[in-house]
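Structure, as structure tokens:
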Amino acid sequence: MDVRKEQFYRIIDDLIDEGADVIKEVRRSGGGLRKRAQRLFPPKDGKSSTEIALESYGFSFDRTTPSVSELEDCWKITDSYEVVVDERMFSEILSIYNISPRELRVLCQEVKKDVIFDCLSSFVSETSPEQLSYSFIKEEFPHIRSYIINYFDKFQDFRDAFGIDYRLIFYNNPGKRWIYIYNGHEFERLLEKHLFGTRFAQVEYKDCRPDFIINGKWIDAKLSKSTALNRFDDTIDKYMKHTDGLTIIYAIDDEADCSEIDNVEFKHISDYYEVMRREAVTEFEDFIERVSAVKGGGVRK
């Protein structure tokens with residue numbers, strides 16, 4: 001036997017004794033074993049040097065196409081979360097299997113969807129919550145938007161798949177604004193839990209997303225009356241373009257004057273206590289007391 005081949009086989013023996021993935025080690029791009037295989041076992045009959053080397057040792061290869069994991073390795077996710085071809089791995093797979101570049105591209109396309117899902121998963125886990133809104137993704141990550149559109153039927157399906165609550169957005173603004181926003185969303189969740197349920201919650205209509213639409217009636221939850229009347233909050237003006245009547249349910253009465261707001265009904269949460277269980281009323285009262293300590297103002301209308 002050729003001494004050099006015998007040395008090659010001994011290395012494989014050692015790898016097997018160590019429990020290593022021999023095939024992976026021999027096929028490793030730029031690795032010493034792969035170079036030995038290319039020198040000792042010239043390609044022939046449509047087989048690569050590494051395949052012939054492994055078969056000469058005793059390995060058997062029934063597959064004529066790359067495995068799913070090998071095809072997925074032909075893609076890589078960039079730092080900007082783009083799924084692109086890994087040219088090095090693509091060339092490596094071509095050198096192992098007797099297929100044309102065109103055939104390999106077709107096979108790679110079949111697994112791209114799974115790689116895109118991994119890409120979206122990385123994007124979500126590594127991105128701040130405030131950057132997961134549709135508008136932000138559309139402007140800053142248009143390729144992510146196209147991935148979402150191609151993978152999911154609706155943007156909400158993307159949120160559901162990764163457990164994204166678009167309402168839980170924390171702001172790094174100074175002061176207590178983020179506390180008010182968080183508690184406002186907590187109030188919405190209590191209304192879902194104890195009063196309206198989730199079936200009619202967060203209904204999208206054109207450029208609006210009322211918290212609830214019950215029997216055609218638009219309902220929006222606000223932490224206080226002044227929250228709805230704040231000049232930076234365009235909820236009332238925007239919603240009234242699409243509905244004849246809007247109900248604002250609030251938790252804290254800070255005595256803001258809403259008497260001149262036409263077709264908008266302001267109702268304190270206590271107006272609904274009679275249709276709730278005692279435990280639900282207690283939960284709302286505890287919430288109002290806790291938030292009032294931070295925001296100030298009365299706890300009843």
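Laboratory data are not the source of any read-out in this text; all were calculated from the coordinates shown. Small disclaimer: the values here were computed from a predicted structure and weren't measured. Cβ sites come from the backbone with ideal geometry, for glycine too, and all protein chains shown count toward neighbours.
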Return the long-range amide H neighbours of Phe266 (sequence gap of 5 or more, or a different chain), with a cut-off of under 5 Å between placed amide H atoms.
-> Ile248
For the chain, set up a Gaussian network in which alpha carbons nearer than 10 Å are linked by springs, and say which option among Lys222, Lys112, Lys238 fluctuates the most.
-> Lys238
How about Lys225: which lysines have a C-alpha closer than 26 Å to its C-alpha, ignoring those fewer than 8 places off in the same chain?
-> Lys176, Lys193, Lys206, Lys217, Lys238, Lys241, Lys267, Lys295, Lys301
Taking placed amide H atoms and a strict 5 Å upper bound, the residues 5 or more places from Phe152 or on another chain that come that close are none
Calculate the spin-label point distance for His143 paired with Glu82, positioning each point 7 Å from the Cα along the beta-carbon direction, and give it in nanometres.
-> 0.4 nm
Can you work out D for the chain in µm² s⁻¹ from Stokes-Einstein, where Rh is the Kirkwood radius over C-alpha pairs, the temperature is 20 °C and the viscosity is 1.002 mPa s?
-> 87 µm²/s
Mean separation of Cα contacts under 8 Å (at least 6 apart) over the residue count of the chain, i.e. the relative contact order in percent, is 8 percent
Taking only C-alpha pairs under 8 Å that are 6+ residues apart, what is the relative contact order of the range 68-161 in percent?
-> 25 percent
Describe numerically, in nm with one decimal, the distance between label points set 7 Å from Cα along Cα→Cβ at Arg28 and at Asn230.
-> 5.7 nm
For the range 1-154, one quarter of the surface area of the C-alpha convex hull, expressed in nm², comes to 11.7 nm²
Using only C-alpha positions, report the orientation-averaged shadow area of the convex hull of the range 3-57, nm², one decimal.
-> 3.5 nm²
What helices in the chain pass both tests, a Cα length along the helix axis of 20 Å or more and a mean Kyte hydropathy of -1.0 or higher, using whole DSSP H runs?
-> 3-17, 101-125, 177-191, 278-295
What nm distance separates the two modelled labels at Glu204 and Tyr57, each placed 7 Å from Cα along Cα→Cβ?
-> 5.3 nm
Given springs between every Cα pair under 10 Å in a Gaussian network model of the chain, which of Tyr147, Tyr81, Tyr57 has the largest fluctuation?
-> Tyr57
Theoretical FRET efficiency, 1/(1+(r/R0)^6), r = Cβ-Cβ of Lys241 and Glu110, R0 45 Å, to 0.05 | 0.45
With θ set to phi - 60°, apply the Karplus curve 6.51 cos²θ - 1.76 cosθ + 1.60 along the range 69-81 and write out the HN-Hα couplings as whole Hz, x wherever there is a Gly or Pro.
-> 5, 5, 5, 5, 5, 6, 10, 9, 9, 6, 5, 9, 6
Residues whose placed amide H lies under 5 Å from that of Ile252, excluding near-sequence neighbours = Ser224, Lys225
FRET efficiency for Ile164 and Glu103, using Cβ-Cβ distance with R0 set to 51 Å, rounded to 0.05 = 0.85
Just for the range 177-295, what percent of DSSP beta bridges are antiparallel, to the closest 5?
-> 30 percent
